[in-house]
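*Asks:* Attaching a single structure in C-alpha cells format; questions to follow.
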Amino acid sequence: MFIRRHRIALFAGTAALLSGSAVASEPLPPEGAPQQASDIVVTGQRPVTEASSGTKSDTPLAETPQSISVIDSSMIADLGLHNLNQALRYVAGVTPETRGASAEVYDQFKLRGFDAPVYLDGLRMFSSASGYAVPQVDVSRLDRIEVVKGPASALYGASSPGGFVDEESKLPLDRSFYGAASGTYGTYNLYRLDADMGGRFGDGELWRVYGSVNGSDDQQRFGKRRRETISAAGTAGAGSRTSFTVLAAYSHDPYNGNYGVFPALGTLIDNPAGRISTKFYGGEPGDFFSREQFGLTYIFRHDFGGGWAFRSSGRYQYVKSRLGIVYTSGTPVDPTDPAPTLYNRASYATREQLNDWTYDNQLTGRFDTGPLHHQVLIGVDRQVAHSAELYAFGTATPIDVFDPVYGTMPTPRAPYDVPGYGPPYDDGIVTPSFIDTHQRQQGIYAQDQIALGDLRVTLSGRQDWTRQTDGTQIQHNHKFTWRAAALYKTAIGIAPYVSYSTSFEPQASVLSDGSLAKPSLGKQIEAGAKYQVPGTNILLTGAWFDIHQTNVAVPDNAFSYHQAGRVRSRGVEIEASGSLPYGFNARVAFSRQNVKVLDDAVAEHIGRPLDTTGRGGVSANLEWAPKTGPAAGFAIGGTVRHVDSVYADFFTYADGTSSALRSPAYTVFDASMRYDLAKVSQALAGVTVGVNATNLFDKRYITSCFAQYAWCWYGNRRTVQATIGVHW
C-alpha cells in the first residue's frame, strides 16, 4: 500500500526459470563420461535433502532439529515459476503472494504469520528502511532456495520470529565446459531468454557467466515488466585447500509493472454496481517504476587440516529506484453511496538509493571430548546499510472503477511534480520530504553441534550491537539471543526433535510521539519429527510451533504507530517430498496456524490475527516422468494449491458500522508437460520442450486485503507458457 511505513515491501524476490530450461538437481556425471540426453549439467551438486542455512554448515535435513524447506532450481523450472513468492506456494507455513498479480516487483509473503527477511548466499539483503529501494534477485541466478522457519537470531542477528529465506547463487563448477540456453513465450506477452555457460581455464581456475532478458505485460492495464540481468563468477584455487570466488551481478529493470490496488467494494465486498475487473488499473498510463541493481560478492575458504577451516564472505549491494504513480485510495467520492462507482485517488513520487555492505567470518572445527563429537562454529559479522529517499504524496483526480477514463492528470515524474493536497488537485505543490537512514549491526556468535551416538544436540548463542538513525535521532541497542535443540535418531529411522530459540528485530517505524520504535523480541518452542526413507530421497517432516513476539510496533487509526503489541503464532506443518516407484515424483505441504494479537493499545485488535495472515493451506504436486520404457523422456504433472482465508482487518461501511473481514479461501490447479527431443532423434540430444499452465481453470480470486484502507489484490489469472531449452 502507499501509506509510508505501512507498505509490505519484502526484500529480494526473483523472476523465473521456466519449464524445459537446462537446470535440474541431479548430480553431474564424472568428467569424461558419456552424456545422455537427460543429463543436465548447469547445476550445483547438493541434494535437496541437505541444507546449510539452519546451522551455517552442510547438514542433512533429517538430522537438523529445525523445520527447513528446500526448493531447487529444477522445481522452479519444471513448475514454470516466475518469482520467489510463487516458489513459496509449495512451502508449509507460508501465506503467499500478499499483493497477488499487482506487485510482482517485490516478493511479499508471511512466514509463520510474520514478515520475513531474505538473504543471498547467507548474507542479508537489505532494503530501504522507509521506501521502495528493494533489491530483487532474478531466478536465472539461483541454484536453490532454503526456507528456515522460526527465530534464527542466534546465528544471523536481527531477524523475524517467523524465520527467513536464503537464496543461493550459481557458482562456477569444476568441469571443462558446460552451458545451457532457453527461450519462453506465453500469456500476457511473457518472454524470457536465459543463457548460462562456464568451464575451466586453468588448473583450479573456474569461470561462469549467466544472464537473462525477460518481461511481460501486467494483468492490469498499461503495466509491463522488463529486465536485463547478467552475472559473472570466477574461482581461483578450486579443489585446493585455499579458494577464492568473486561474483558480480548487474540488473536493469526499466519497467517494474503496476503497483496498484483495488477497492474492497466490488472485490471483497459485493457492490450493487458490479464486480471490478481483474484488468482494472486505478492509475494512469504514464505511471512508472524503474530500478537498477549491482552487487559484488566474495567467498574465501581455507582448510587448515585436522578438521579446522576458515570461511569469509562479503557483499556490496547498490539499488537505485525511481517511482511515479497515481493510485486509488480505496474510498468512494461519496462515502454514503451504497453502490459507488467513482473513487478517490492519490499520487506519489520518489527517488531513492540504497548502499549496503555485509560481512561474515567463520571458523569451524571438529574434535572429540570423550564420547562426544563436536562440530563447532565461531563467527563475527557486520552489516551496514545507508538509504536515502526524496518523496512526496499528493492528490489526484477521481476515477470510475467500472468505466475508467484515463488522461485526466499527468503522472508525477519526480517528487517536486506531485500535486498539492486539497481540491483541486493542482492547487499548489507539495514540499517533498527527505529521509536519510543508516542501519548498522555487528555481532559475535558461537555454535556447538554435539553428537553422542544417535543423539544430536545444537547449542547456539550470539551477542549483537545495533545502531540506527533516521537522520534526526539515533538509537543504540544490544541483545543476546540463543538456541538450544536436540534430535534423536531412533532405530526405525524416525528422528523426533525439540528446540527453543529467540530473536530480536530492529524496527524502522516512527512512533506517534516521534521516537524510533524499540526492537521487537521473539521466542519459539518447536517440536517435530523427521523421517528419511533409507536408500531414497523421500523425506517426511512434521512440526508443531508456538511463537511469541513482544514489543511490536503496530499502526493506529491515524497511520502512525504505537508500540504495545504482543502476538502469538501457533500451528502445525507437514511436508513430504521425494521420488516414488514407477517414475512418479511428489511434493506435499500442509499447514494450519492460528496467529493472534494478545495485547494492543487498540482494543479491537486484541484476539484478532495480524493483517494479511492466513490460516494455512495445502499444496500437492504429482509428476510422472518414467526413466525407462517407451515413455522415457516424457513428463506430465499436475498441482493443486489451496490457501485458506486470510485476515483483512476491519472495514467501515457506508452507514458507519464496521466489522472484521477475511478474504475467502481459494483453490487453483496447475499443469505441466515436457519432452526430451533426444527420444525422437539423437541429432536433437540436449533439446527439451515444455508447456506450463497455472490457474488452469482461470479462477478469479483475492490473495489479501487491507480492509481498514479498503484495499484488495487479485491473484494471477490463467497463464500458459511454452519453453524450448538446450544444454551441452
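*Asks:* Quick check, is Asp655 over 25 Å from Asn585 (Cβ atoms) and part of a loop (DSSP other than H, G, I, E, B)?
*Replies:* Numbers: over 25 Å from Asn585 (Cβ atoms): yes; part of a loop (DSSP other than H, G, I, E, B): yes.
Against the criterion (over 25 Å from Asn585 (Cβ atoms) and part of a loop (DSSP other than H, G, I, E, B)), Asp655 qualifies.
*Asks:* At least 1 residues that are in contact with a His (Cβ under 8 Å, 6 or more places away or on another chain) and of a type in the set (Gly, Ala, Ser) in each: list the strands (runs of 3 or more DSSP E) lying fully within the range 484-578 that qualify.
*Replies:* By residue number, 520-532, 539-555.
*Asks:* What's the number of the condition Gln317 fails, among (1) surrounded by 16 or more Cβ atoms within 10 Å (Cβ to Cβ); (2) modelled with pLDDT of 95 or more; (3) farther than 25 Å from Ala414 by Cβ?
*Replies:* Only one criterion is unmet by Gln317, namely (3).
*Asks:* Something else now. Scanning the range 389-405 for residues that are buried (at least 19 other Cβ atoms within 10 Å of the Cβ) and under 30 Å from Gln468 (Cβ atoms), which turns out nearest to the chain's Cα centre (by Cα)?
*Replies:* Step by step, filter the range 389-405, then rank; the result is Glu389.
*Asks:* A further question on this structure: Just the residues that are surrounded by fewer than 22 Cβ atoms within 10 Å (Cβ to Cβ) and hydrophobic (A, V, I, L, M, F, W, C), please, taken from the range 496-515.
*Replies:* Val498, Ala508, Val510, Leu511
*Asks:* Quick one: which residue in Ser102, Ser67 is farther than 22 Å from Ile547 by Cβ and of a type in the set (S, T, N, Q)?
*Replies:* Working: Ser67 fails: farther than 22 Å from Ile547 by Cβ.
After applying the criteria, what remains is Ser102.
*Asks:* Looking only at the range 609-643, how many residues end up being in a loop (DSSP other than H, G, I, E, B) and either of a type outside the set (D, E, K, R) or buried (at least 17 other Cβ atoms within 10 Å of the Cβ) (or both)?
*Replies:* Final tally of qualifying residues: 14.
*Asks:* Looking at the range 239-267, I want the residues that are over 20 Å from Arg208 (Cα atoms) and have a partner that is of a type in the set (A, V, I, L, M) and part of a strand (DSSP E or B) with Cβ atoms under 7 Å, at least 6 apart or on another chain. Which pairs are those?
*Replies:* Tyr259/Ile325; Thr267/Ile702
*Asks:* Against the conditions (1) without any contact (Cβ under 8 Å) to a residue 60 or more places away in the chain; (2) aromatic (Phe, Trp, Tyr); (3) closer than 28 Å to Gly443 by Cα; (4) surrounded by 15 or more Cβ atoms within 10 Å (Cβ to Cβ), where does Phe480 fall short? Just the number, please.
*Replies:* Of the numbered conditions (1) without any contact (Cβ under 8 Å) to a residue 60 or more places away in the chain; (2) aromatic (Phe, Trp, Tyr); (3) closer than 28 Å to Gly443 by Cα; (4) surrounded by 15 or more Cβ atoms within 10 Å (Cβ to Cβ), the odd one out for Phe480 is (4).
*Asks:* Then there's this: Are any of the residues in the range 160-172 under 19 Å from Gln507 (Cβ atoms) and in a loop (DSSP other than H, G, I, E, B)? Spell out the reasoning first.
*Replies:* So in the range 160-172, the residues under 19 Å from Gln507 (Cβ atoms) come out as 160-164.
Now drop any that are not in a loop (DSSP other than H, G, I, E, B), which leaves 161-162.
Checked against the condition, which is being under 19 Å from Gln507 (Cβ atoms) and in a loop (DSSP other than H, G, I, E, B), the range 160-172 yields at least one hit.
*Asks:* Okay, moving on. Could you list, in sequence order, all residues of the range 189-216 that are of a type outside the set (Gly, Ala, Ser), crowded, with 18+ Cβ neighbours inside 10 Å and over 20 Å from Val726 (Cα atoms)?
*Replies:* Of the range 189-216, the ones of a type outside the set (Gly, Ala, Ser) are 189-194, 196-197, 200-201, 203, 205-210, 213-214.
Of the ones still in play, those that are also crowded, with 18+ Cβ neighbours inside 10 Å are 190, 192, 194, 196, 200, 206, 208, 210, 214.
Hits for the range 189-216 are Arg200, Leu206.
*Asks:* Do the conditions hold for Glu526, that is, is it within 30 Å of Phe367 (Cα to Cα) and surrounded by 16 or more Cβ atoms within 10 Å (Cβ to Cβ)?
*Replies:* Criteria met by Glu526.
*Asks:* What number of residues within the range 392-422 satisfy the criterion of being more than 17 Å from Gly286 (Cβ to Cβ) and touching a Leu at 6+ places or on another chain (Cβ under 7 Å)?
*Replies:* 2
*Asks:* Same structure again: For the range 206-251, how many residues meet the condition of being over 23 Å from Gly179 (Cβ atoms) and assigned to a loop (DSSP other than H, G, I, E, B)?
*Replies:* Total meeting the criteria: 9.
*Asks:* If you don't mind, another one. Quick check on the range 325-346: of everything there that is among the aliphatic types (A, V, I, L, M) and under 20 Å from Ser102 (Cβ atoms), which residue is surrounded by the most Cβ atoms within 10 Å (Cβ to Cβ)?
*Replies:* Filtering first and then ranking leaves Val326.
*Asks:* Same structure, new question: List the number of the failed condition for Phe634; all other conditions in (1) among the aromatic types (Phe, Trp, Tyr); (2) touching a strand residue (DSSP E or B) at 6+ places or on another chain (Cβ under 6 Å); (3) more than 27 Å from Arg718 (Cα to Cα) hold.
*Replies:* Every listed condition holds for Phe634 apart from (3).
*Asks:* Got a sec? Which of Gly633, Gly607, Gly617, Gly629 is modelled with pLDDT of 95 or more and small (Gly, Ala, Ser)?
*Replies:* Gly617
The values are calculated or read from the model by the stated rules, or taken from the named source; none is laboratory data. Given the structure is predicted, the values throughout are model-derived calculations rather than measurements. A quick note on method: Cβ atoms are made from the backbone with ideal geometry, for glycine too, and the neighbour counts reach across all protein chains shown.
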